[in-house]
1. Going by how many other Cβ atoms sit within 10 Å of their own, how do 252, 188 line up, fewest first?
2. Magnitude of the Cβ-charge dipole of segment 8-378, K/R +1 and D/E -1, about the Cα centre, nearest 20 debye?
3. Quick one: in segment 8-378, what % of C-alpha pairs are over 25 Å apart?
4. What fraction, in whole percent, of alpha-carbon pairs in segment 1-79 exceed 22 Å separation?
5. Taking the beta-carbon count within 10 Å as an exposure proxy, list 155, 61, 267 from fewest neighbours to most.
6. Which distance in nm do the two modelled labels at residue 184 and residue 232 give, with both placed 7 Å along the Cα-to-Cβ direction?
7. Arrange 210, 141 by Cβ neighbour counts within 10 Å, fewest through most, would you?
8. Could you pull out every residue, at least 5 positions away or on a different chain, whose amide H is within less than 5 Å of the one on residue 72? Hs are placed 1.01 Å off N in the peptide plane, and Pro or chain starts have none.
Amino acid sequence: MTATSERPQLEKATFIMLVRNSELHDARSSIRYVEDRFNKNFHYPWLFLNDKPFSPEFIHMTRSLVSGNATYGRIPKDAWSMPDWVDRQKARECMRAMATKNILYGGSESYRHMCRFFSGFLWRHELLADYDYYWRVEPNTQLYCDLTYDPFTFMRENNKTYGFVINLLEFPSTIESLWPTVQNFSREHPEYIHPNNALDFIVDDNKNITEGGYNNCHFWSNFEIASLKFWRSQAYREFFDFLDRTGNFYYERWGDAPVHSIAASIMLDKDEIHWFYDIGYRHHPFTHCPEPKLEFHDSGRCYCNPTQNFDRDPYACTKQYRRMRGDLGVPGRVPGVLEQPVLNRIDRGKGANGLRSKLKMSTEGLELMPGDKGAAQLLKIEDGRE
Ligand SMILES: Nc1nc2c(ncn2[C@@H]2O[C@H](COP(=O)(O)OP(=O)(O)O)[C@@H](O)[C@H]2O)c(=O)[nH]1
Ligand SMILES: [Mg+2]
């Protein structure tokens, strides 16, 4: 057998990383994690995207780390700027007001471009045209468990559309009118609401979309393994356009995470959503670490600290997710991944990590504490970075 014929059959899939030149070394670190834990055995391609041209140094120092092809693309201007129906003056005032209230990224215009890009433009980028699936990777993220199977094949064979690792509460102050807008959309387009949807993940007390409020639960989209077909569908396009016409990606600060999560939760069959429980992952400040010792730790497969598993944190939405699944354990799990009875017991004890000290819980979710030094570091109000 030649080396080539031993290679696994690849799906039409790619890693994508939106990244700035200034994040080169954080990007390198993430690439290396992905290659070491998974891709060195598969060689999927990497697509790097930027709103500015990539520097020769960035290209040189990332290309050397990937085991598949690397492509470097530019985001078109209309996918990274306020659309003409947005009142710029009003947008600026809203940003100033949100910055004054210490809302995370409240004063940042580029953060808003980024969220709108992931919500409505990534999947239209010409460099993604040939792909069915993508795995989103952010700079400065870590992977802790060997992945011995192909998650893209898993998605295709099991008819999965959206895969996540961490779920949690959104800051309500960034999405004040998002849910009422979704409710209006659902009234205008009842045909797009799936009869076997995952609404129980995002709405409490068995309520329907029009009666219930949003509980702020969402999938943390800095990690996503997803089907591009869904975002390209008529249903999602109309959903995105409906949201975008409000201008609230700019007047408020709607994140791509709640936008993707709400869309997936109302428009997909709940069985199309998959929790990659077996992928140990960290994006500051939260870690998902698979807990069962025998399978994940005694085997040497993972090296994260299971006591730092964010799933148990009250700020996580594990409880709501399990409720939506009918408490079935890890849904659509890959063979050999154990049921997680331990996740039933949401630990009300200390938070798993540092952000807890920078946040105060409220019944509605979380707000940054004004005057908190650590929190101030999280408030990148100025877009200082290239
Ligand atoms: N090229 C480019 N990438 C950006 C910009 N802002 C954010 N990103 C990328 O978008 C992703 C999310 O941004 P990040 O700062 O990590 O946001 P956070 O994870 O919500 O704190 C990361 O992959 C960043 O590299 C930008 O202005 N230009
Ligand atoms: Mg990030």
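A short reminder: the numbers here are calculations on the coordinates, not readings from a lab. Since this is a predicted model, take the numbers as computed values, not measurements. Reconstructed Cβ throughout: ideal geometry from the backbone, glycine too, with neighbour counts over all protein chains shown.
1. Ordered from fewest to most neighbouring Cβ atoms within 10 Å, 252, 188 come out as 188, 252.
2. Working: 45 positive and 48 negative charges, 168 e Å.
In debye, rounded to 20, segment 8-378 gives about 800.
3. Result for the distance tail: 54 percent.
4. Roughly 28 percent, rounded to a whole number.
5. In order of increasing Cβ crowding within 10 Å: 61, 267, 155.
6. About 3.0 nm separates the two model spin labels.
7. Working: 210 9, 141 20.
Ascending Cβ contact count within 10 Å gives the list 210, 141.
8. 48
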